[in-house]
1. Within the stretch 25-40, which residues are open to solvent by 60 Å² or more (accessible area, probe 1.4 Å), among the polar types (S, T, N, Q) and closer than 16 Å to ARG79 by Cβ?
2. For the stretch 58-79, how many residues are open to solvent by less than 90 Å² (accessible area, probe 1.4 Å) and among the charged types (D, E, K, R)?
3. If you check every pair at least six apart or on different chains, which have Cβ atoms under 7 Å apart with a residue in the stretch 50-66 that is small (Gly, Ala, Ser) first and a residue that is buried (at least 19 other Cβ atoms within 10 Å of the Cβ) and assigned to a helix (DSSP H, G or I) second?
4. Looking for something hydroxyl-bearing (Ser, Thr, Tyr) and surrounded by 19 or more Cβ atoms within 10 Å (Cβ to Cβ) - is there at least one such residue anywhere in the stretch 44-57?
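The values are calculated or read from the model by the stated rules, or taken from the named source; none is laboratory data. This one's a predicted model, so the numbers in the text were calculated from it and none came from an experiment. Note that each Cβ is placed from the backbone with ideal geometry, even for glycine, and that neighbours are counted across all protein chains shown. We work out accessible area using only protein heavy atoms, side chains counted, and drop any ligands, DNA or RNA first. Shrake-Rupley method; radii C 1.70, N 1.55, O 1.52, S 1.80 Å.
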Amino acid sequence: MLGYLAGTLTTAALLPQVWRTFRTRDVSGISLRMYSIFTTGIAVWLAYGILLKETPMMLANGVSLVLACAVLVMKLRFRHAGEAPDKENVARA
């Protein structure tokens, strides 16, 4: 029971970031390096849960992996949306 509670809380903690990023398309405060490492860590935890056949670990990390991947994809997709134009590109235009 404790594993399910911990998994629910840590997974739910990702929801506000996913929702805010999806709604605003603002990824300026998200570190690509941090989220890449974080997402890889979640994938490893998921693999570990699968090896141990621990349902709470598999469920929590499976959902967390989807949510973290969503933020990572949005970071890659929206990263240039709010940036000021580059001086070199403006000069060439």
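1. SER28
2. Qualifying residue count, the stretch 58-79: 1.
3. Once the first residue is small (Gly, Ala, Ser) and sits in the stretch 50-66, its partners that are buried (at least 19 other Cβ atoms within 10 Å of the Cβ) and assigned to a helix (DSSP H, G or I) give ALA60/GLY7; ALA60/THR11; GLY62/LEU46; SER64/THR11; SER64/ILE42.
4. no
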